[in-house]
Amino acid sequence: MKSLIQKLVEAVGPSGYETQVRELVMEEVKDYVDSWKVDPLGNLITRKSKKGKDGLTIMLAAHLDEIGLMVTHVDDNGYARFTQLGFLFPINVTAGRVQFLNGPKGVIGLDASNDSIYKTDGLNKMFIDLGVDNKADCPVGIGDVAAMMRRFEDFGDRLVSKSMDDRIGVAVLIETLKQLKNTPHEVVGVFTVQEEVGTRGATPAAYDVDPDIAIAIDVCPTGDTPKSKTNQIKLGNGPAIKIRDAGMLADPAVIAWMEAGAKQAKLPSQREILLRGSTDARAMQLVRGGVPAGCVSIPCRYVHSPSEMVDYNDVQNAVKLLVHLLSKPVKL
Ligand code: CO
Ligand code: ZN
């Protein structure tokens, strides 16, 4: 699974510009699903198996997009100013490198004219240096989109890269669709767009699918680094089952189903309480007349940085948990 993860994290797909990633995913899953389509927003909606007598329509969602940058203007000296697609922590981008969808690469520099160069400033005091000296030579312009550049690193159990959020969820969903052989359910695997700008892809996708249960697969921050915020999530302690985040309360019946499944399959799991942020599960929970929803999270250090770190055991256990849950009838 590591080579699949590497391929996915090294692809470039900021919110709204997910084509490259979607095409990669399509190649991977097409032989393991019964049908697939791409909706007008760019969500890839795959369907596997038919709803049996004891079956439900279960929607699983993992987002294709990553946080990106968009050029707002280029100054006379050819430096490109930018804004964010999704949430970029300024501290994580200084001196970073970016790659534009249309080819050019650049380095992020910081205005030196303020006295705060030893602090990290807002994005509006940063620029992208594309190696040119004037505006006419600048290979990018207003509206051009870039993503952070950073190689995939395999530390053994720990994997590090940009865009683990949420390519690791995409990898888990692909692998789940590959490994799932027998299911009483109609399993709808959806690779969503525009999550980082406010779960915009999952909303119409869930309306279209009209699921009986919806599960997002995403990352969650850990509390296992020095002086980290109150959070008991630890890398390597198993996939996290979401209880609440800032945007949703997971359905207690869905939580109970997931935790009982983990216990039955003898898989480690931990409970997730997230104080900031949300996932596609929120969007899916709130469509039509409302949907019982939950989320399986892959614990991840340094979320929304170019060096997001996950534990490979958690990744594999998330796949095992989902395959186990989807293989049996569900009574919520
Ligand atoms: Co994110
Ligand atoms: Zn995410």
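The table below lists the values:
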read-out	value
Unique match (being assigned to a loop (DSSP other than H, G, I, E, B), among the hydrophobic types (A, V, I, L, M, F, W, C) and within 20 Å of the chain's Cα centre (by Cα)) among LEU8, LEU41	LEU41
Enumeration of residues in the stretch 135-151 that are open to solvent by less than 20 Å² (accessible area, probe 1.4 Å) and within 23 Å of the chain's Cα centre (by Cα)	VAL145, ALA146, ALA147, MET148
Test: residue in the stretch 178-188 that is in the same structural domain as GLY277 (by TED's automatic domain parsing), within 17 Å of the chain's Cα centre (by Cα) and either within 16 Å of ligand 1 (Cβ to nearest atom) or not β-branched (Val, Ile, Thr) (or both)	no
Identity of the residue in the stretch 10-50, among the hydrophobic types (A, V, I, L, M, F, W, C) and within 12 Å of GLU66 (Cα to Cα), that ends up modelled with the highest pLDDT	VAL21
Residue count, the stretch 71-91 (criterion: in contact (Cβ under 8 Å) with a residue 60 or more places away in the chain and open to solvent by 50 Å² or more (accessible area, probe 1.4 Å))	4
Among (1) under 28 Å from ASN317 (Cα atoms); (2) touching a Lys or Arg at 6+ places or on another chain (Cβ under 8 Å); (3) assigned to a strand (DSSP E or B), the one test that VAL21 misses	(3)
Boolean, ALA171 is more than 16 Å from ligand 1 (Cβ to nearest atom), farther than 24 Å from ALA256 by Cα and of a type outside the set (Ser, Thr, Tyr)	no
The stretch 238-257 residues that are free of Cβ contacts under 8 Å to residues at least 12 places away in the same chain and closer than 14 Å to LEU275 by Cβ, paired with ones that are open to solvent by less than 10 Å² (accessible area, probe 1.4 Å) and part of a strand (DSSP E or B) (beta carbon under 9 Å, 6 or more apart)	none
Selection count, the stretch 136-173, where residues are among the acidic types (Asp, Glu) and in a loop (DSSP other than H, G, I, E, B)	2
Selection from the stretch 152-196 of residues that are within 16 Å of ligand 2 (Cβ to nearest atom), open to solvent by less than 30 Å² (accessible area, probe 1.4 Å) and of a type in the set (S, T, N, Q)	SER161, SER163, THR192
The one condition in (1) open to solvent by 20 Å² or more (accessible area, probe 1.4 Å); (2) not assigned by TED's automatic domain parsing to the domain that holds ALA318 that ILE128 fails to fulfil	(1)
Count of residues meeting criterion [open to solvent by 50 Å² or more (accessible area, probe 1.4 Å) and closer than 15 Å to MET126 by Cβ] in the stretch 93-109	4
Filtered residue count, the stretch 51-66, keeping only those that are away from ligand 2 (no atom under 16 Å from the Cβ) and modelled with pLDDT of 95 or more	5
Residue in the stretch 1-9 that is charged (D, E, K, R), surrounded by fewer than 17 Cβ atoms within 10 Å (Cβ to Cβ), in contact with a helix residue (DSSP H, G or I) (Cβ under 8 Å, 6 or more places away or on another chain) and modelled with pLDDT of 95 or more present	yes
Index of the failed condition, GLY198 passing every other in (1) assigned to a loop (DSSP other than H, G, I, E, B); (2) touching a residue at least 60 places away in the same chain (Cβ under 8 Å); (3) within 16 Å of ligand 1 (Cβ to nearest atom)	(2)
Residues that are farther than 18 Å from ILE45 by Cβ and at pLDDT 95 or above, drawn from the stretch 182-197	PRO184, GLU196, VAL197
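The values are calculated or read from the model by the stated rules, or taken from the named source; none is laboratory data. From a predicted model like this one, the values you see are computed outputs, not experimental measurements. For neighbour counting, all protein chains shown are included, and Cβ atoms are generated from backbone atoms with ideal geometry for every residue, glycine included. Keep in mind that these areas ignore ligands, DNA and RNA; they rest on the heavy atoms of the full protein, side chains included. Shrake-Rupley method; radii C 1.70, N 1.55, O 1.52, S 1.80 Å.
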